[in-house]
Structures are given as C-alpha cells and as structure tokens.
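Structure record follows, encoded as structure tokens.
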Amino acid sequence: MRVEAVELHRLAIPLVRPFETSFGRQTGRVVLLLRVRTDVGDGWGECVAMVDPFYSSEFVSGCEDVIRHYLGPAILAADVTAESAAGLFSFVVGHRMAKAAVETALLDAQLRAAGRSFGSYFGAVRDSVECGVSVGISPSIPQLLDEVSGYVDQGYRRIKLKIKPGWDLEPVAAVRELLQPGALLQVDANTAYTLDDVEHLRELDAFDLLLIEQPFVEEDIRAHVALAAAISTPVCLDESIVNTEVAIDAIERRATSIVNIKAGRIGGYLEAVRLHDACLERNVPVWCGGMLETGIGRAANVALAALPGFTLPGDTSASDRYFAEDLTEPFVLRDGTLDVPTGAGSGVTVRDELVAAWAERPVEVLLRG
Ligand code: NPG
C-alpha cells in the first residue's frame with residue numbers, strides 16, 4: 001500500500017459526566033485521530049493517549065510529535081501494510097500508543113479495500129460482546145450508588161469501580177450491597193497503592209470481587225507477585241503489560257492471573273491478538289480494556305473482544321456512557337451487549353462534520369515526498 005498523506009486531527013470532545021480516577025478528573029476527552037490516505041483508499045485510527053501523561057508516559061502532544069517526526073514520515077517513505085508497520089517502527093523506542101494509532105489506520109484502509117471486517121481479520125467467534133462499565137470516583141457514596149444503579153438498569157453485565165486510598169472499602173461494600181447476589185464486580189486502582197497497603201487490600205477479599213486491577217506502579221511486577229500470594233482476590237495487570245513477552249513473564253511469575261488487553265497500550269491490534277493467543281494457550285482469561293474511545297476506537301475494541309479468550313465483560317461500554325454524540329454511528333447497548341461491526345475495516349463511518357466541529361486546531365497534513 002502506498003500512503004499519499006497522513007492527517008492528524010486533534011479534537012476536544014465533551015464528556016456527558018466527569019470521569020475521576022486515582023490520578024485525576026477529566027471533563028472532556030482530547031483525542032488524536034489519524035486518517036491515512038492511500039492508493040487503495042482511506043483509513044482511520046484513534047490514539048488512546050490522554051492529554052496528560054498521568055495514566056502512562058504517553059500523552060496526546062507527545063504522540064502527535066512522534067507521528068509528525070518519525071512514524072508519519074516512515075509510512076510516507078516506503079510501501080507499507082499493517083503487518084509491516086511494527087517492523088518499520090522498531091527504530092522508535094516505546095511510544096506504543098502512537099504506533100498503535102498509525103497501524104490501526106493502515107489496517108482500516110487495507111481491510112476496507114479488501115472488503116473484510118476487523119472482526120473477521122482478528123478471528124472473532126461472536127457477533128456480539130458482553131459489556132461492563134467503568135465507574136469513576138464519586139463525590140459521595142449516595143452519588144456513586146445512584147450512578148451504579150443507572151448502569152445496572154441499562155443492562156451492563158459487570159461493574160468496575162475506580163478505587164484509591166481513602167476511597168475503597170466503603171464504596172465497594174456499598175456497591176456490593178446494592179447489586180444482586182452474584183453480580184460481577186471488580187476494582188481498578190491505577191497504581192495508587194504500595195506494598196505497605198497489602199493488609200488493607202486483603203480486606204477487599206470479603207467482597208467476592210472478580211479481580212483487582214493494577215494496584216502498584218507499572219514497573220513493579222514483584223510487588224504484584226507478593227500481593228497475589230497474600231490475597232484471594234485475583235490480581236489483574238493493565239499498565240504493566242506493555243507487550244506479550246512482559247505478559248508471559250508476569251503470568252509465569254504469578255503476578256497476574258487475568259490480563260486486561262488494550263491494543264493501544266501494547267502497540268496495536270496485531271500485538272493484541274498475539275497477546276490474546278498467548279493467554280488463551282495458558283488458560284489465562286482476558287478482557288478488553290477501554291480508554292474512553294470514540295466510535296472509531298470502540299469499533300476495533302468490540303471486534304477484538306469477540307475473540308474466544310475474552311471470557312470476561314470488557315470496558316466496552318455504549319457510546320452514551322461517555323458522549324452525547326459519537327464521532328461514528330453510536331454503539332448502543334442491547335441486553336448488556338454490543339454488536340460487533342460487520343462492515344469492511346472498522347465497519348463504522350466517521351462523521352466528518354463532527355470531526356470538524358470538535359477540532360481543537362486545523363488538521364495537520366503530512367505529505368509524501
Ligand atoms: O470505558 O473506555 C472506558 C474507560 C475504562 O476505566 C477505564 N479506563 O485505567 O482502564 C483504565 C481507565 C482509564 C481512564 C485510563 C482514564 C486512562 C484514563
């Protein structure tokens with residue numbers, strides 16, 4: 001495939017309600033979108049990086065820079081396919097979210113031209129996926145219960161609560177009490193704890209949680225091994241898992257018994273399929289994480305979540321969980337599930353008028369030659 005142009009679109013999209021995690025509160029989503037224009041047609045990719053480097057070291061302006069100066073010129077200088085992109089990008093260390101966005105745009109262009117969907121290409125075995133919802137830190141327990149009740153009424157199959165020191169046992173107990181017996185509940189700490197908190201975190205064992213996600217800093221696999229040995233709640237890594245090899249190492253060391261797969265975090269959907277396969281081979285359940293994606297990224301996530309190893313509901317919520325209007329046709333919850341798009345490529349159509357309306361700055365175009 002010959003790439004003629006790479007467009008960088010930086011958008012600011014309002015959220016329907018603020019979203020608070022252990023590292024901050026956001027009221028809008030600044031998102032970087034890419035459109036590649038190729039000799040076989042166009043493709044879109046969404047970058048999962050946030051505006052600030054608080055979830056990981058990557059952030060929107062950094063990704064823009066890496067694409068502008070390195071990844072964009074690389075795909076404009078040589079014939080390329082989605083399958084050759086990772087090799088082509090290997091001269092750049094890290095920057096997986098930026099690489100994933102470019103690779104996804106190439107894959108979208110390529111599969112649209114071939115008339116093949118992401119789901120078919122990834123190896124999807126389901127036509128719909130079970131959905132969970134991620135619930136931010138709330139100003140109060142009554143407000144939290146209100147928000148959770150709303151999601152339960154909408155049909156979400158699993159609730160994930162964001163926790164941090166000072167916001168953990170009490171909200172978890174209150175939500176556990178609110179839910180029907182046996183309802184799926186899990187927590188996500190986004191690295192907010194340290195090994196000094198093991199005794200405290202052990203108290204979460206009382207709430208029959210599916211898992212506790214990423215309690216400690218991403219580099220500290222050893223601390224997660226220690227916690228996993230000390231508590232009965234399964235430990236699940238997110239931020240720490242930057243590629244398949246790190247995941248296999250963490251699984252073998254028993255730091256994680258369940259894996260959160262986010263394609264953006266590990267460099268793309270091709271790597272995500274590889275990670276899925278490695279986990280399936282080892283009987284390690286996986287689920288699809290989310291990064292407040294618009295319909296563009298959500299479409300790809302839903303296709304990925306339809307692979308056989310994704311046995312737990314993902315953070316693949318409906319569009320209206322975050323946005324009053326989505327950049328594509330909206331993803332709508334039906335009996336707690338979302339349909340896997342069947343159209344070519346991502347299978348969704350980007351609404352150019354909204355891309356223009358939410359633009360933070362004029363589109364930047366990188367050209368061949
Ligand atoms: O539903 O898309 C979603 C978001 C799910 O909680 C979610 N994402 O750590 O997994 C995470 C978390 C996140 C939120 C990450 C904000 C980065 C920023």
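The values are calculated or read from the model by the stated rules, or taken from the named source; none is laboratory data. Note that the coordinates shown come from a computational prediction; the quantities given were computed from them, not determined experimentally. With ideal geometry, Cβ positions are generated from the backbone for all residues, glycine too; neighbour counts draw on all protein chains shown. For the accessible areas, the whole protein counts, side chains as well, though only heavy atoms, and no ligand, DNA or RNA atoms are used. Shrake-Rupley method; radii C 1.70, N 1.55, O 1.52, S 1.80 Å.
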**Message:** What do you get for trypsin sites (Lys or Arg not before Pro) in segment 1-103 restricted to DSSP loop and a cutoff of at most 15 other Cβ within 10 Å of the site's Cβ?
**Reply:** 2
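Just the ratio, please: alpha-carbon radius of gyration of the chain over 2.2 N^0.38 Å, N its number of residues.
Ratio of Rg to 2.2 N^0.38 Å for the chain: 0.95.
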**Item:** Within straight-line cross-link reach of residue 99, lysines at Cα separation under 27 Å, skipping those fewer than 8 residues along the same chain
**Value:** 262
**Prompt:** What share of the DSSP beta bridges in the chain is antiparallel, in percent to the nearest 5?
**Reply:** 60 percent
**Item:** Karplus 3J(HN,Hα) series, Hz, for segment 127-135 with 6.51 cos²θ - 1.76 cosθ + 1.60 (x for Gly, Pro)
**Value:** 9, 8, 10, 6, 10, x, 9, 9, 10
**Item:** Karplus 3J(HN,Hα) series, Hz, for segment 96-104 with 6.51 cos²θ - 1.76 cosθ + 1.60 (x for Gly, Pro)
**Value:** 5, 5, 5, 4, 4, 4, 5, 4, 5
**Complete:** Calc'd 3J(HN,Hα), segment 273-283, phi into Karplus 6.51 cos²θ - 1.76 cosθ + 1.60 (θ = phi - 60°), Hz, glycine/Pro = x, comes to 5, 4, 5, 4, 4, 5, 6, 4, 4, 9, 6
**segment 120-223: GluC sites (Glu not before Pro) in DSSP loop, at most 14 other beta carbons within 10 Å** = 219
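Cα convex hull of segment 52-149: mean projected area in nm², to one decimal?
Average projection, Cα convex hull of segment 52-149: 9.5 nm².
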**Request:** Over the alpha-carbon set of segment 163-206, work out the extent along each principal axis and list the three values in angstrom, largest first.
**Result:** 32, 18, 16
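Relative to the compact globular guide of 2.2 N^0.38 Å, what is the alpha carbon radius of gyration of segment 119-339, as a ratio?
0.97
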**Item:** Hits among aspartates and glutamates - C-alpha to C-alpha of residue 164 under 17 Å, sequence gap 8 or more where chains match
**Value:** 20, 188, 196, 197, 199, 203, 205, 213, 218, 238, 239
**Complete:** Rounded to a whole %, the carbon-and-sulfur portion of the accessible area of the chain at a 1.4 Å probe is 52 percent
**Complete:** Those trypsin sites (Lys or Arg not before Pro) from segment 239-327 that are DSSP loop and have at most 15 other Cβ neighbours within 10 Å turn out to be 253, 254, 282
